[in-house]
Amino acid sequence: MLQPYTDVENKKQEHAKPLLQVRNLKKYFPITSSLGRHVGDVKSVDGVDFDLYEQQTVGLVGESGCGKSTTGRAILRLTDPTEGEAIYNGRDIFKLKEKEFHKIRKDFQMVFQDPHSSLNPKKRIGEAIIEPMKIHQIGTKRDQMDRAMELLLKVGIRKDQFYRYPHEFSGGQRQRIGLARALAVNPKIVVCDEPVSALDVSIQSQVINLLKEIQENFQLTYLFISHDLSVVRHMADQICVMYLGKIVERAPTDELFGHPNHPYTRALLSAIPLPNPKIKNERIVIKGDVPSPIHPPSGCVFHTRCPFVMERCKQQVPSMKELTAGHYAACHLND
Amino acid sequence: MQESLLEVKNLKTSFSTESGVVTAVDGVTFTVHAGETLGVVGESGCGKSVTAESILQLLNERTTKYEGEINYKGKNILTLNKKQMQQIRGNEIAMIFQDAMTSLNPVFTIGDQITEAITAHMKMGRKEANKKAIDMLSLTGISSPEMRFHEYPYEISGGMRQRAMIAMALVCRPNLLIADEPTTALDVTIQAQILEVINNIKNELNMGIVMITHDLGVIAEVCTHVVVMYLGQVIEDADVESLFSNPAHPYTKGLLQCIPQIDGDRSRQLYTIEGIVPSLDNVPKGCRFSQRCPHSDAKCLNEPPLLEEINDKHKVRCWHYDKI
Amino acid sequence: MGVNVPIENRDILQTKTQLKKERFRLFVRRFLNNRLALIGSSIMIFLLLFVSFSLLFMNSSPLEIDPANRLHAPSSEHWFGTDTFGRDLFSRVVHGGFVSLAVGFSATIITAIIGMIIGLYASYYKFLDHILMRICDGLLAFPDVLLAIAITAVLGPRPINVVIAITVVKIPTMARIVRSSALVIKEQTYIEALKAQGASSWRTLWMHIAPNTLSPYIVQITNVFASAIILEAGLSFLGAGVPAPEPSWGNILYDGKVVIFNAWWMTFFPGVFIVLSVLGLNLFGDGLRDLLDPHTNKANK
């Protein structure tokens, strides 16, 4: 059913034309004192670049507070970016007027993390799926209902559940319903914000498979946000590793797992507990906690925890360097 | 053979609710020895947390009923009265929780909360208690413990809070630690740090640990023995090597297969266990896993299997473990 | 999930009506199991029936003065006795009850509507929030009765003005209840999901946030109703409410105050009715709170 990844990848890279280009995206949340004076910024996202290619998946990985969710929300304009641009169909969507953006809004949809709060408890699940079609005035009432039922079937929910309320479903089922809702308006790009991290492992694998199947059937482009590298590995064609608002490494999935370059990526990989007691992997334990994004460290943002820190790292911001085709990393060790 | 520290025998915990009696834990049996880490693994709703709370009898007294035996150092602690139980909690058996933010009182400093745990169980002067608390904090690897001692829970990061909670639980040098999903809310790099801390302290204090988690990776990392739970029952009980190399129950096999791996072929579809966990007020008649099991037959659907011994280190609750 | 038989072939709409029926039955069952709601609503129904039937079938007028029969104790002729002017107390209490309940009810409805609008918009727009909530704070700074007296003093003691006074006094609490629960709902992921779909603020507010504030809102409505009755009685008692000779529970109590040691029935009967109605409403409200609480709403069959 699913084609092997390598084939798909090769084919796509031949005529690679990005669907969405995000450049220098920044989002600062201002901190004001109790008197309303501006005293600083939380630099949640601090200059992020990446491209989304048609029908491919880009994974954004990082620990909590690294700005991966804010990046996803900025692309949907759920939060206004401080700086940067996102080119879609030749236009910068951050510069569009609210009315103009509304016309293309249906191309961008989102699947949320928390299955318990992402559906309105007072709305039947059918209505929840019809809602986006109503908002964008697609089809007649009859069409909307037919489509909603078809979508329910596609995500593996029985048709006769149409009139049931969210609390009658389990977490995994709700996540399926959330996906059906995102699909209702035929989006091009779906931002998946930790869609499986609240689920049990046996349910998690069901949803991952479903997401991949749906991507194939609906020709979707995913931005897949997760803290779990092993999940991202199964979903993504390309992975961006984020740390403290910056992308520190970007590479095709197999390349990243085969030859991780940045010390942070390596530490992340080695920290994953493997479900095999016989393998005790050489762990790079990084000390301490993520610094506050209000005062990010000077130079390389990772230098406070990096096991290979040099004097230079504390002063100079490393730039992204291409190591092999498509594999970029920002680390002074590569010079 | 080593004497057991904790022996749970046929524990049954049931709640009376609006819609009748729900048995969340149904005949759980396991043993923990000193210096050993027992992993209890299962998905949400399998009763692993209720098992932990039953050991310390932390559940609502009015609506909860415990049956069976929980022998701590040979004494059944289910028969103890409130006061005797209080002596055991914190002092002999300690517990750490998943959510360190809500488990610490926000209006007291870290130091206050740790010294309170000390003075509750030991006769000790203020100064001595403070010193002990700071020692414990540094044992958990907190940087500059003297400073953290005077800080409030909201002032420190999640990983620090978890460390502070571990310090609080261990300050009275308990013999048994129950860790209920201690790293679930943490990032992987912090999780690795915390697991290391727990392991080091275990060796130092020669404690027994009951590690409750849904993450088989964590189990493989720190445990010596594992029980797998499903819908209130132990379905497999084995030492960690045999469980991972030779899982006998189809549920355990399924769980191991459906975890996304960081190596191997990633183009294949992930293995899935069909369906969802049934609800506790609607438990299947035969084997509890029969409805989702790819190997189930008429016998599985109608007769509940018993926990059978495969060898002296491995038990399983399945009719067909030898065939599949 | 109640019925899990495969119903693929049946008409989907039939499932809908079936589910609706099932839910309704469940609700009735839970209502009947909820003692507070049951007692509260029976008291209210009893009061309403009592007042309306008595109004329909009564032949004595509440205003007819009969000086010969002043201050008669309850008897078969005058069930509740007579007052200082010889007027039939039963008919006065019943008429007064109608006035009190009608004033309370209309004040409650208006309060509920305006409170919902203010609360919702205040929760959604930060700018409006500052203005509206400061006005509410100002109104809340005055004691209820004092503010109500001031308003009726300016407008004049008439039932319609009593309604206005009660409404003004009660709107701030109503708006605050709606606002606080709307603020919580606003942060839920499904509201963000709506935004991501491009929903208008009107749709978000009225179709999604408002329905989710209903349970605390409905409970608050019963509370406002109860305190509106007390407030009306208080105003009328103090002479700032429904003017004599028109009866209301409050001013009957006032008339009875002077003769409390000679004619107990003049304070007893209106008092009992006030207590009954307030008690009934409060019990009903408490019962509703349990009934509407989403935590107990999980399908218990």
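Quick notes on this one:
- Checking each residue in region C:87-131 for being open to solvent by 40 Å² or more (accessible area, probe 1.4 Å) and over 30 Å from C:Met58 (Cβ atoms) picks out C:Ile113, C:Ile114, C:Ile117, C:Tyr121, C:Tyr124, C:Tyr125, C:Lys126, C:Phe127, C:Leu128, C:His130, C:Ile131.
- Flag for B:Phe30 being open to solvent by 40 Å² or more (accessible area, probe 1.4 Å), among the aromatic types (Phe, Trp, Tyr) and out of contact with any Lys or Arg (no Cβ under 6 Å at 6 or more places or on another chain): no
- Residue pairs meeting the criteria (Cβ under 9 Å; at least 6 apart or on separate chains; first at the interface with chain A (Cβ under 7 Å from one of its Cβ atoms), in region B:190-215; second assigned to a helix (DSSP H, G or I) and of a type in the set (Lys, Arg)): B:Gln193/B:Arg163; B:His214/B:Lys48
- Evaluating B:Gly111 against the criteria (1) out of contact with any His (no Cβ under 9 Å at 6 or more places or on another chain); (2) at pLDDT 85 or above; (3) assigned to a helix (DSSP H, G or I) leaves one unmet condition, (1).
- A single entry from C:Arg134, C:Arg158 fulfils the requirement of being surrounded by fewer than 18 Cβ atoms within 10 Å (Cβ to Cβ), within 30 Å of C:Ala244 (Cα to Cα) and not aliphatic (A, V, I, L, M): C:Arg158.
- Answer from B:Gln261, B:Gln257, B:Gln233 - the residue that is touching a residue at least 12 places away in the same chain (Cβ under 8 Å) and under 14 Å from A:Ser230 (Cβ atoms): B:Gln257
- Scanning region C:49-78 for residues that are open to solvent by less than 50 Å² (accessible area, probe 1.4 Å), without any contact (Cβ under 8 Å) to a residue 40 or more places away in the chain and aliphatic (A, V, I, L, M) turns up just one, C:Met58.
- Screening C:Gly104, C:Gly119 for residues that are under 30 Å from A:Gln137 (Cα atoms) and at pLDDT 90 or above leaves exactly one candidate, C:Gly119.
- Matching option when the condition is facing chain A (nearest Cβ under 8 Å), among the charged types (D, E, K, R) and surrounded by 20 or more Cβ atoms within 10 Å (Cβ to Cβ), among B:Asp237, B:Asp180, B:Asp187: B:Asp187
- Just one residue in the set A:Ser230, A:Ser270 is without any contact (Cβ under 8 Å) to a residue 24 or more places away in the chain, crowded, with 18+ Cβ neighbours inside 10 Å and assigned to a helix (DSSP H, G or I); that residue is A:Ser270.
- Residues in region A:250-260 that are farther than 16 Å from A:Leu25 by Cα, within 16 Å of the chain's Cα centre (by Cα) and either outside any helix (DSSP H, G or I) or free of Cβ contacts under 8 Å to residues at least 60 places away in the same chain (or both): A:Ala251, A:Pro252.
- Residue identified as open to solvent by 70 Å² or more (accessible area, probe 1.4 Å) and facing chain B (nearest Cβ under 8 Å) among A:Lys321, A:Lys278: A:Lys278
- Matching option when the condition is open to solvent by less than 30 Å² (accessible area, probe 1.4 Å) and either basic (Lys, Arg) or more than 8 Å from chain C (Cβ to nearest Cβ) (or both), among A:Arg174, A:Arg158, A:Arg147: A:Arg174
- Flag if A:Arg164 is without any contact (Cβ under 8 Å) to a residue 60 or more places away in the chain and either in contact with a strand residue (DSSP E or B) (Cβ under 9 Å, 6 or more places away or on another chain) or within 12 Å of chain C (Cβ to nearest Cβ) (or both): yes
- Scanning region A:127-142 for residues that are crowded, with 19+ Cβ neighbours inside 10 Å, within 9 Å of chain C (Cβ to nearest Cβ) and either among the β-branched types (Val, Ile, Thr) or more than 20 Å from A:Cys192 (Cα to Cα) (or both) returns a single hit, A:Ile135.
- Leading residue by the ranking (farthest from the chain's Cα centre (by Cα)) among those in region B:88-126 that are of a type in the set (D, E, K, R) and surrounded by 14 or more Cβ atoms within 10 Å (Cβ to Cβ): B:Asp112
- Residue check, A:Gly40 under 30 Å from A:Arg305 (Cβ atoms) and not in a loop (DSSP other than H, G, I, E, B): yes
- Extreme residue, surrounded by the most Cβ atoms within 10 Å (Cβ to Cβ), among residues of region A:102-126 that are more than 8 Å from chain C (Cβ to nearest Cβ) and not in a helix (DSSP H, G or I): A:Val111
- Residue in region A:287-297 that is outside any helix (DSSP H, G or I), on the phi > 0 side of the Ramachandran plot and surrounded by fewer than 19 Cβ atoms within 10 Å (Cβ to Cβ) present: yes
The values are calculated or read from the model by the stated rules, or taken from the named source; none is laboratory data. Note that this is a predicted model, so its numbers are computed, not measured. Here the Cβ is made from the backbone with ideal geometry for all residues, glycine too, and neighbour counts use every protein chain on show. The area values use the complete protein model at the heavy-atom level, side chains included, leaving out ligands, DNA and RNA. Shrake-Rupley method; radii C 1.70, N 1.55, O 1.52, S 1.80 Å.
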